[in-house]
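The values are calculated or read from the model by the stated rules, or taken from the named source; none is laboratory data. Since we're looking at a predicted model, the values are computed, not measured. Methodologically, a virtual Cβ is constructed for each residue, glycine included, from the backbone with ideal geometry; neighbour enumeration extends over all protein chains shown. Each accessible area value is taken on the protein alone, full model and side chains, heavy atoms only, with ligands, DNA and RNA left out. Shrake-Rupley method; radii C 1.70, N 1.55, O 1.52, S 1.80 Å.
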Amino acid sequence: MTTQHISENLKPKPFDEGSILDVLEGKFQSIVVVGHDLNKSSTIVGSSLPISLFAEEANRVRPGFVNLVGISRPEHVRQNINTLIEADAVIINGLGFFTTGAGVPFLQEMEGKPLFIYLHETEFAVVGAEARHPARVPLFWRTLPYMHILFSTQKQADWYRSVLPVEGTVVYNAIDIGDASGRVRVEEISSSSPLRVLNVATVQDRKGPQLFDKVAQIAANKRMNMEFTWVGKKTDWLSDSFKFSEAVNWVGQVPHDDVVRYMRASDLFFLSSIDDPLPLSTTEAAYNGMRLVSYSIPGSEELFREAPGYKSFDEYDAEAALNAIIHVQKVSAQHINYDEILQLLSPPNLTKRIAVAMVLHAENAIYPGICVVDKDWQQKIEEVRTQIAPGDQKENIKKLGKFKRFISGTSRDLLAAFGEWVLDLEGPVAAKKYLKPLAEIRSDGWKQFLKAAEDEFGKGRYFEAISLADEASSLRPSLKEAKAIRHAAITELIKKGEKHSKKIRNSPNNNELNHTAERFFERLFEIGSNNPRILCCYSEYLQSSGKNIEALLFIRRTTLLDPKIMKYKRRFIFLILRLRRWYELRLLLRTITRF
């Protein structure tokens, strides 16, 4: 097996302990690595392992040269701000720096320093982060072109470059698993013993427990002599619909020494991940003498594709995965040797690659500061808008869609520039999330909110119309048109509420109807908890639902807010009589007679 497909400058070369200083000391006196899970008090695992090995290698030669700073909480920023300010260069470890939100104060202090980011996430993880942190990930995207990226694989680099024009170096990663003398050689598989298939990963959708389980079930149904084991704890990122079947031995989390024992007792490592830049578990499995199988998308394929003991499958499908397992099972152990790849993924060689990348690209990685970054993006928006022909609606929408990924949780001017583009192209309803910053820099900004409120009202979307009318009123308190829209929208919502109450009286046991009505009235109550008309409508709904005592409380509150609503009081008197709440009747009658 050769590593001919791997770039020549990344192939293993003799590593001198002092060479890291030879490369770095002329350029930097100190380096800081920041990440969301690099706290000294916690155990460093997962994507933090490679960069911690880089720090360990560097500090072994010169103590204190590389500092690890964890910033999972805001207090970590205050505790370590001086360390960052004194550093000559900064490496951000992964997307988590941005998604925690605690990293932004650090970013403000990085102006003028060479800024690098070591990425461990690819499309699946980034899209998931965008869904969970829609206001934070856009800052990551906007900052990316101003940093030099340390990529885990070439595949990962290709994906990021398909989204943005960015600069970076593929450095792969590493895991501290020992030297060549401790490696376990792959052994022949006995035909009389079951094929022991293992995966080591947290149980989450990205790691593919569904596929692993399906393969195990097919093998069991076909009466194949195979045993499947999964080592790793369940996480919150696992679909509720997934059921743990008995076809797999789900072990859960175990100490690392036990993980090694599981690997050495198994024959084949089946990485079922749908997306994984360069999983460390695959490297450890190769070191412990296992045959390897994975989907073709994860980064393992990039390094192991020519190794006879490895097989990938192109379709993310159980039958395809099982065929790959059968193929590798038949490969003779004498043809399997991972030595060259494992040497490439050793901590010393990772350290060398990171050091060389930092020295070569430091000048082009100077971070200009958040203000400069946002102004540059504002200019990019203007350039793209002016390059598109006014009548080319299809191309305009396409360009606009690409930019939406990068614009959120940012400066007022940048949001306003983008909001104006959306406003011109798609109208005020589509642009409503950008209207506030737009209104703040335009004297007629309230008109955009008012127009959007009118459009939403015309479409029967009364809750949205009220929200936009309120925004218009906040910019121009005396705006009669906004108040009129709000009043009209509440009237229409009350009509809807009365219909809901009537349906519930006619079908009290309809759970779906009750659930729909409950959600509607919760939203209605939120927009006018002190509005007598809404309170009356809400009280009527409570009565229809059989919640008479709760309705009575709202009757009292409505009476105190507006004692002149006689239409509703007559109805409520009958309710009080029916409940025999004489004190409430006396209170209500006393209130009425005062007016």
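Which shape class, rounded, prolate or oblate, goes with the range 182-317 when its Cα gyration tensor gives a ≥ b ≥ c as root eigenvalues, a/c under 1.5 marks rounded, and past that a/b bigger than b/c marks prolate? Because its axes are fairly even, with a/c under 1.5, the range 182-317 counts as rounded. Net charge in the neighbourhood of Thr516 (other residues with Cβ under 13 Å of its Cβ; Lys, Arg +1, Asp, Glu -1) is +2.
Under 5 Å from the amide H of Asn249 lie the amide H atoms of Phe228, Thr229, Trp230, each residue being 5 or more positions distant or on a separate chain, with H modelled from the backbone and absent for Pro and chain starts. Surface exposure of the range 98-214, expressed per residue as accessible area with a 1.4 Å probe, stands at 38 Å². Each residue was assigned an accessible area with a 1.4 Å probe, and for Asp236 the value is about 150 Å². Based on the Kirkwood radius over alpha-carbon pairs, what is the Stokes-Einstein translational diffusion coefficient of the range 315-372 at 4 °C with 1.567 mPa s viscosity, in µm²/s? Estimated diffusion coefficient is 80 µm²/s. In order along the range 320-328, phi translates into HN-Hα couplings of 4, 5, 5, 4, 5, 4, 4, 4, 5 Hz, rounded to whole numbers, per the Karplus curve 6.51 cos²θ - 1.76 cosθ + 1.60 with θ = phi - 60° and x for Gly and Pro. Rounded to the nearest 20, the Cβ-based charge dipole of the range 78-203 about its Cα centre (Lys and Arg +1, Asp and Glu -1) stands at 280 debye. The accessible surface of the range 244-317, taken with every protein chain in place and a 1.4 Å probe, is 45 percent carbon and sulfur.
With the whole protein complex present, His487 retains an accessible surface near 110 Å², based on a 1.4 Å probe.
Taking a point 7 Å out from the Cα of Glu123 in the direction of its Cβ, the residues of the range 313-343 whose backbone N falls within less than 19 Å of it are 313-318.
Of the whole protein surface, Ser193 contributes about 50 Å² of accessible area at a 1.4 Å probe radius.
Applying 1/(1 + (r/R0)^6) with r as the Cβ-Cβ distance of Lys480 and Ser239 and R0 = 60 angstrom yields a FRET efficiency of 0.75.
Computed from the C-beta positions of Lys499 and Glu246, the FRET efficiency with R₀ = 35 Å rounds to 0.10.
Couplings 3J(HN,Hα) of the range 129-137, computed from phi: 5, 4, 5, 7, 10, x, 8, 10, 5 Hz, in residue order, whole Hz [Karplus 6.51 cos²θ - 1.76 cosθ + 1.60, θ = phi - 60°; x for Gly and Pro]. When you filter the GluC sites (Glu not before Pro) in the range 243-314 for DSSP loop state and at most 12 other Cβ atoms inside 10 Å of their Cβ, you are left with Glu246. Each of Arg223, Arg533 has its accessible area taken with a 1.4 Å probe; listed largest first, they run Arg223, Arg533. Could you sort out which of Lys207/Lys311; Lys503/Lys547; Lys311/Lys352 sit more than 24 Å apart by Cα distance in this structure? From Lys207/Lys311; Lys503/Lys547; Lys311/Lys352, over 24 Å: Lys311/Lys352.
Could you tell me which of rounded, prolate or oblate describes the range 201-263, using a ≥ b ≥ c as the square roots of the eigenvalues of the alpha-carbon gyration tensor, with rounded for a/c under 1.5 and, failing that, prolate when a/b is larger than b/c and oblate otherwise? Since a/c reaches 1.5 but b/c is at least a/b, the shape of the range 201-263 is classed as oblate. Given the pairs Lys155/Lys234; Lys447/Lys502; Lys404/Lys495; Lys447/Lys499; Lys113/Lys404; Lys447/Lys496, which span a C-alpha to C-alpha distance of over 31 angstrom in this model? Cα-Cα > 31 Å for Lys447/Lys502; Lys404/Lys495; Lys447/Lys499; rest within.
Placing R0 at 30 angstrom, the Cβ-Cβ distance between Arg223 and Ala131 gives a FRET efficiency of 0.10 after rounding to 0.05. Per atom type, the range 149-221 shows carbon and sulfur on 46% of its accessible surface, probed at 1.4 Å.
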